[in-house]
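Scroll down for the structure; my scribbles are underneath it.
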Amino acid sequence: MRRATVVVLAIGLLATACGGPSTETAVTELPLEISVGGVVRYGEAPQQFVELRTPFGDGPFPVIVFIHGGFWRNLYDLSLAHEQAADAREHGYATWNIEYRRVGDPGGGYPGTLADVAAAIDAMALVDAPLDLDRVYVVGHSAGGHLALWAGQRDDPVVTPRLVVGQAPVADLGNSLDLGRGAVEEFMGGAPDEIPEAYAAADPARRLPVRVPQLIVQGGKDDVVPPGHVQPYADASGADIIIFPDADHFDVISPDSATWDYVLAYIDDL
């Protein structure tokens, strides 16, 4: 197990958002405390926390990071990933379920949301827990799928995943301006021609080639993030993609679905 040796009592910056402004996430005491319920706070904002769960046993355990969706809006939270996380734990994985600032929260949207995701993943290196940092897998759904793909392409990570999985991901921001009643422009703060540097930093489709292997799992009946919005990114990036013809947008996050079985089997084979 690889773990960073923590010798600093206070840091101002835990991670840097790739290509964009540095994170405002501040940590004052190290190692990070694991409080009641497995909550790990990686910053001072109410939304800057992670739910950590570990299987029974001594570990170190491989880790699946979950990043929930909801078009980056604060109408949705990490409870969307609870069922998947519980199932992953039953399969022997520690789970690191991320909450983050979203549109509607102070500091949410670009670049704060990206900074939070980077900081939350890197915070794994700052907890006293039996986690195997050489076997980290990031799984994100919908807008969380965008964040997962981005996390695999960011600069200078402390924790580098072995695989990122996009479940019906918003993989190409510039090709998704029609989704979610303007969700992309709301998240980014403008259109690609207005803030091209921001899109260059935040859009997985503009950060190719990929640095970490990618898997995309898509439902053929998805009318929230339709396959036609995802396939061009998969073609350009070389990501493995599998489309389940009868699945919709939320089937891909159900632990009872063939899509989740496929993801777990794919991870197990790595």
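Just so it is clear, none of the values below were taken in a lab; they were calculated from the coordinates. Small disclaimer: the values here were computed from a predicted structure and weren't measured. Glycine gets a Cβ as well: all are built from the backbone with ideal geometry, and neighbour counts include every protein chain shown.
Specify, per residue and in Å³, the volume enclosed by the convex hull of the alpha carbon atoms belonging to segment 88-180.
Working: hull volume 11.1 nm³, N = 93.
Per residue, the Cα convex hull of segment 88-180 comes to 119 Å³.
Give the share of C-alpha pairs in each 5 angstrom bin for segment 37-154, from 0 to the last occupied bin, in whole percents, shortest bins first.
With a bin width of 5 Å, the distribution comes to 2, 12, 25, 26, 20, 10, 4, 1, 0.
What's the FRET efficiency of Ala258 with Ala191 using the Cβ-Cβ distance as r and R₀ = 51 Å, to the nearest 0.05?
0.85
Which one, Leu147, Leu131, Leu75, has the greatest fluctuation when you compute a Gaussian network model over the chain with C-alpha springs under 10 angstrom?
Judging by the Gaussian network model, the answer is Leu75.
Could you please state, rounded to a whole Å, how far the C-alpha centre of segment 166-238 is from the C-alpha centre of segment 61-108?
One Cα centre to the other: 19 Å.
Within segment 34-268, what percent of beta bridges assigned by DSSP are antiparallel, to the nearest 5? It would help to have the intermediate numbers written out before the result.
Values: 9 of 35 bridges.
Of those bridges, close to 25 percent are antiparallel.
When the helix-only estimate is applied to the chain (DSSP H runs of n ≥ 4, each -39,500 (n - 2.57), divided by the residue count), what is the mean residue ellipticity at 222 nm, nearest 500 deg cm²/dmol?
On the way: 7 runs with 64 residues, N = 270.
Dividing the helical sum by the residues of the chain leaves -6500 deg cm²/dmol.
Give, to the nearest whole percent, the P(r) tail of segment 168-270 beyond 21 angstrom, counting all Cα pairs.
40 percent
Give, in whole angstrom and from largest to smallest, the semi-axes √(5λ) of the equivalent ellipsoid of the chain, with λ running over the eigenvalues of the Cα gyration tensor.
Details: eigenvalues 139, 102, 51 Å².
Semi-axes (√(5λ), whole Å): 26, 23, 16.
Give the relative contact order (percent, whole number) for the chain; include only Cα pairs under 8 Å separated by 6+ residues.
Dividing the mean separation by the residue count of the chain yields 17 percent.
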